[in-house]
Structures are given as structure tokens and as C-alpha cells.
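Encoded as C-alpha cells, the structure appears first; notes follow it.
Coordinate-derived values only; no laboratory data. Small disclaimer: the values here were computed from a predicted structure and weren't measured. As a convention, Cβ positions derive from the backbone with ideal geometry for all residues, glycine included, and neighbour counts pool all protein chains shown.
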Amino acid sequence: MMVTATDIEAGLRAALDPLSLEVQDDSHLHAGHAGAREGRHFTVRITAGRFYGLSRVARHRLIYDALQLLIPRGIHALAIEARAPGES
């Protein structure tokens with residue numbers, strides 16, 4: 001079964017306790033793209049206290065770690081906007 005935005009949201013909520021979270025399935029925008037056969041495309045917008053003082057790369061690593069069991073189920077691409085509270 002392919003991964004859904006709901007699956008991603010549940011994984012991120014459990015691991016990072018975000019203040020805000022939006023997961024958008026962008027797969028329809030990539031129809032015909034070679035990677036579309038390998039999985040779905042998502043945008044993640046997340047604000048979490050865990051991101052305070054972390055670099056962009058460290059924030060992304062936390063997200064990928066939280067989703068490690070879902071990635072093989074069909075996440076081809078993630079566009080990530082990760083912020084700490086108070087950042088714009």
C-alpha cells in the first residue's frame with residue numbers, strides 16, 4: 001500500500017510533536033515524471049520546538065528519521081519547510 005499524506009502526518013506528529021503541520025500530496029503535479037513511478041511527491045510544512053537552534057540540514061534529518069519506515073512504502077520526494085516557533 002502506498003504511503004499517504006495522513007501516514008506522513010501521523011509519523012511526524014508522533015516523533016516531533018509539532019505546533020503546526022501541513023502535509024500536501026503533490027503527486028498529481030509530477031505525473032509523467034520518471035520518479036513518479038517510484039513513489040509519491042509531498043510538501044511538508046512544519047513548525048516544532050525541536051527545531052530550535054538546529055540548522056536546516058539537521059531539521060531535515062529529524063524529519064527523514066521520523067519517516068524512515070514510510071520512505072520504502074513510496075515516498076519519492078519531500079519538499080520541506082521546517083521552522084522553529086517564531087520563525088517566519
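How high is the relative contact order of the chain, in percent, counting Cα pairs under 8 Å that sit 6 or more residues apart?
37 percent
Which label marks the calculated value of Rg and Dmax of the Cα atoms in Å, given the options (i) 14.3, 45; (ii) 13.3, 46; (iii) 12.9, 39?
So the structure-derived entry is (iii).
Give, as a single signed number, the net charge of other residues whose beta carbon lies under 14 Å from the beta carbon of ALA84, with Lys and Arg counted +1 and Asp and Glu -1.
In short, +2.
Using alpha-carbon positions, what is the distance between the centroids of the range 37-57 and the range 70-88, in Å?
That distance is 2 Å.
Where does helix 56-66 land angle-wise versus the long Cα axis of the chain, in degrees 0 to 90, nearest 10?
In the chain, helix 56-66 runs at an angle near 60 degrees to the longest axis.
If one takes the longest principal axis of the Cα atoms in the chain, at what angle in degrees, from 0 to 90 and to the nearest 10, does the Cα axis of helix 5-16 lie?
Roughly 30 degrees between the two axes.
Among DSSP beta bridges whose residues both lie in the chain, state the antiparallel percentage, nearest 5.
Beta bridges within the chain, antiparallel portion: roughly 45 percent.
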